[in-house]
1. If the Cβ limit is 8 Å and pairs must be 6+ apart or interchain, which residue in region 1-28 that is on the phi > 0 side of the Ramachandran plot pairs with which residue that is of a type in the set (G, A, S)?
2. What is the residue count in region 14-40 for residues that are in contact with a strand residue (DSSP E or B) (Cβ under 8 Å, 6 or more places away or on another chain) and within 22 Å of E61 (Cβ to Cβ)?
3. For region 27-46, name all the residues that are surrounded by fewer than 15 Cβ atoms within 10 Å (Cβ to Cβ) and closer than 21 Å to V122 by Cα.
4. Within region 15-39, how many residues are in contact with an Asp or Glu (Cβ under 9 Å, 6 or more places away or on another chain) and not in a loop (DSSP other than H, G, I, E, B)?
5. Identify the residue in region 66-88 that is within 13 Å of W5 (Cβ to Cβ) and in contact with a Phe, Trp or Tyr (Cβ under 7 Å, 6 or more places away or on another chain) and, among all such residues, is most open to solvent (accessible area, probe 1.4 Å).
6. Scan region 61-68 and give yes if some residue there is within 20 Å of E12 (Cα to Cα), out of contact with any strand residue (DSSP E or B) (no Cβ under 8 Å at 6 or more places or on another chain) and not polar (S, T, N, Q), otherwise no.
7. How many residues, within region 1-18, are crowded, with 16+ Cβ neighbours inside 10 Å and not aliphatic (A, V, I, L, M)?
Amino acid sequence: RERVWEAIYDQERWPEWWRGVEEVEERDGGDGGGVGAVARMVWKSLLPYRVEFEITTTQVERQHLLQADAVGELAGIGRWRLFEQAGVTAVLYEWNVATTKPWMNLLAPVARPVFEWNHDWVMAHGGTGIAELLGCRLLASG
């Protein structure tokens with residue numbers, strides 16, 4: 001769990017292993033435990049559009065929980081939860097956000113399946129990327 005935690009916690013290195021993450025720029029390191037840290041992120045997936053937002057870390061429980069608020073083109077809450085059993089680490093990522101661009105909100109009722117498919121593509125690459133980074137096997141995703 002420690003190696004998985006470190007990879008997730010070190011957001012500035014995500015572009016090295018997570019296809020779809022183009023930039024992560026730390027703007028504020030927060031307190032000694034990471035709470036209050038602010039990072040600007042730019043993501044690009046299969047759709048011909050880049051999404052930019054800032055995240056502010058609101059909760060850190062080392063090797064168990066990492067939570068942040070997002071503002072920008074996406075607004076809401078992201079939460080990583082890590083679990084371990086019998087030497088196997090499981091990661092649950094909750095990303096409860098809404099788009100803030102008027103054109104995205106206008107298209108959302110009909111484009112939702114495409115947006116979800118695109119999000120699933122990005123997350124699948126995150127799972128594959130972290131498994132390759134850590135030299136382990138991805139058991140399941142979704």
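The values are calculated or read from the model by the stated rules, or taken from the named source; none is laboratory data. The shown structure was predicted, so the numbers you read here are calculated from the model rather than taken from an experiment. All Cβ positions, even for glycine, are placed from backbone atoms using ideal geometry, and neighbour counts span all protein chains on display. Ligands, DNA and RNA are excluded from the accessible area calculation, which covers all protein heavy atoms including side chains. Shrake-Rupley method; radii C 1.70, N 1.55, O 1.52, S 1.80 Å.
1. Listed by first residue and then by second, the contacts come to G20/S45; G20/G126.
2. 12
3. We begin by selecting, within region 27-46, every residue surrounded by fewer than 15 Cβ atoms within 10 Å (Cβ to Cβ); these are 27-29, 31-33, 35-36, 40, 46.
Passing the criteria: R40, L46.
4. 9
5. My answer is W80.
6. The answer is yes, given that some residue of region 61-68 is within 20 Å of E12 (Cα to Cα), out of contact with any strand residue (DSSP E or B) (no Cβ under 8 Å at 6 or more places or on another chain) and not polar (S, T, N, Q).
7. So the answer is 8.
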